Amino acid sequence: MLEMLNPVRNRIAVNAFLRSSWSLSVFSRFKYSTIQARKYPDEIVLDGKSYKTDEWTNIPDFILELTKRQLHQNPNHPIGILRDLIERNMKDMGYTFYNNFKPAVTTFQNFDVLGFPDDHPGRSKSDTYYLNKDNLLRTHTSAHELECFQTCETPGYLITADVYRKDEIDRTHYPAFHQLEGARTWSKNTPNLEEQILKDIESIPKTNIIVEDPFREQPINAENPKQDYMTEKQVQLIQVHLKKSVEFLVNQVFETARESARLAGSTEPYLNEPLKIRWVEAYFPWTSPSWEIEVWWKGEWLECCGCGIVQQQVLLNAGLGEDKLGWAFGIGIDRIAMLLFGIPDIRLFWSLDERFSNQFQQGKIATFVPYSKFPGIKRDVSFWLPTDSLLHENDVMEIVRTHAGDVAESVANIDEFVHPKTGRKSQCYRINYQSMDRNLTNEEINEVHNKVEADLKKYFDVEIR
Ligand code: PHE
């Protein structure tokens, strides 16, 4: 409880994942998910492996379908083009590239080995897609840190992969997205280690970024301590190497974004301002100290990458010697790809419409040319909640997503009030059903919407108005 009250510590929950809308109505979730479990077959086969379902299973079919797409491996898709751009910039800098990891991982890989506490909200069924109690769709690329530290033969590695989190549905949020993870280690036994790290720092190409970093000189404090096995000097140097590497990467990507905007004819003033970033403190269970980089872009700070000095225990778990030290970072790439390619809606990445896919080619950052959208169908659902209801907005989202799949364009709580006499609470949600690829019919949406209403009644006891 104390932790919840401490605004700094509370950031653990907020940024333990880069885009999170952790919400804690565990009980309402539990109720819904328990009933949901009946909907699943006895086993789910994914990438040639069979998973016995149980009361943790909560992956709708349309999410399983998304795991087959592997957009980051498609060299002519914006996500694949961005991955390729980053890899080309980091080539010959000592990184091995891993792009083939399958999305199903164990709770051990995704959480335990990284030191996630048992009660971390990221573990809850309401935030994560479980195949069963022990297996899930990775929620971040850090799930592969262990095996990469184990197998990597170069000083560092980069992983790109699709990751999955239950999330709200809107223009910038989608339950599947992509991350790029990087890590780099040194051995304490390197002769003149400090000089070596300094040399490695020198070898990172310089950028013109304006950097705001209150922690560069003094990277450790009581909230974000150094690990005992490292000296202050080692932390300081490795931190600089980490931050300069991330700045280099971010600079390349955002400079490319500006270049493509200019080529597309934009004359907006931000195109001529130097790129500005700031470092803020962060907390991740498997790094200490930890930070996040934010990029000033079109008038707002864009959170884009969490990082830190890897906890020795993670390195030891991977079988590395006690002499190893290193850093890791993780960047969400969909939002950046949206900026680079001028893509207004994250769902377009998953479109199968050729009017989308034909616009992009390997090695080129083209600005997306919008084509006419298929019309959406709006439906409202208003209801009275039972007393002490634990219904949470995410539950409504989840019900809509279960029945509408990809056709759920947005879900918003548009009205809420308490009846002055009876004290009963009423809510109204507006759902926009829209397909990226085709026209919807009223009949099919009525059917979906009826199922949504039925589930709200059945699992949350609401009275439809
Ligand atoms: N995996 C973290 C996230 O999804 C990012 C991260 C990676 C942080 C590596 C630290 C080290 O938010």
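Annotations for the structure displayed:
- Candidate set: the stretch 269-288, residues that are assigned to a strand (DSSP E or B) and free of Cβ contacts under 8 Å to residues at least 60 places away in the same chain; chosen: the one nearest to the ligand (Cβ to nearest atom): 287
- Matching entry among 269, 274 (being at pLDDT below 95, open to solvent by 20 Å² or more (accessible area, probe 1.4 Å) and farther than 25 Å from residue 172 by Cα): 274
- In summary, helices (runs of 4 or more DSSP H) completely within the stretch 331-434 and bearing 2 or more residues that are out of contact with any Lys or Arg (no Cβ under 7 Å at 6 or more places or on another chain) and open to solvent by less than 20 Å² (accessible area, probe 1.4 Å) occur at 334-341, 393-404.
- Selection of the stretch 113-155 for residues being part of a strand (DSSP E or B) and under 23 Å from residue 334 (Cα atoms) yields 130, 136, 137.
So that you can scan it fast, the table gives a plain yes or no per residue for (1) under 24 Å from residue 111 (Cα atoms); (2) modelled with pLDDT of 95 or more; (3) among the hydroxyl-bearing types (Ser, Thr, Tyr):
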{"site": "161", "(1), (2), (3)": "yes, yes, no"}
{"site": "164", "(1), (2), (3)": "yes, yes, yes"}
{"site": "173", "(1), (2), (3)": "yes, no, no"}
{"site": "184", "(1), (2), (3)": "yes, yes, no"}
{"site": "213", "(1), (2), (3)": "no, yes, no"}
{"site": "226", "(1), (2), (3)": "yes, yes, no"}
{"site": "229", "(1), (2), (3)": "yes, yes, yes"}
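- Residue pairs whose Cβ atoms lie under 6 Å apart, sitting 6 or more positions apart in sequence or on different chains, and linking a residue in the stretch 336-351 that is under 15 Å from residue 257 (Cβ atoms) to a partner that is crowded, with 20+ Cβ neighbours inside 10 Å, are 336/253; 337/78; 337/79; 337/82; 339/257; 340/257; 340/365; 341/78.
- Residues (at pLDDT below 95 and either surrounded by fewer than 19 Cβ atoms within 10 Å (Cβ to Cβ) or more than 10 Å from the ligand (Cβ to nearest atom) (or both)) located in the stretch 296-316: 296, 297, 298, 299, 300, 301, 302, 303, 304
- Residues being touching a residue at least 60 places away in the same chain (Cβ under 8 Å) and not basic (Lys, Arg) - total across the stretch 428-445: 8
- Scanning the stretch 180-194 for residues that are in a strand (DSSP E or B) and open to solvent by 10 Å² or more (accessible area, probe 1.4 Å) returns 184, 185, 186, 187.
- Annotation: residue 291 fulfils all but one of (1) aromatic (Phe, Trp, Tyr); (2) within 16 Å of the ligand (Cβ to nearest atom); (3) in a helix (DSSP H, G or I); the unmet one is (3).
- When residues of the stretch 195-218 are limited to those that are within 19 Å of residue 253 (Cβ to Cβ) and aliphatic (A, V, I, L, M), the one most open to solvent (accessible area, probe 1.4 Å): 210
The values are calculated or read from the model by the stated rules, or taken from the named source; none is laboratory data. Being a predicted model, the structure only gives us computed values, none of them experimental. For neighbour counting, all protein chains shown are included, and Cβ atoms are generated from backbone atoms with ideal geometry for every residue, glycine included. To get the accessible areas, we keep the full protein, side chains included, count just its heavy atoms, and leave off ligands, DNA and RNA. Shrake-Rupley method; radii C 1.70, N 1.55, O 1.52, S 1.80 Å.
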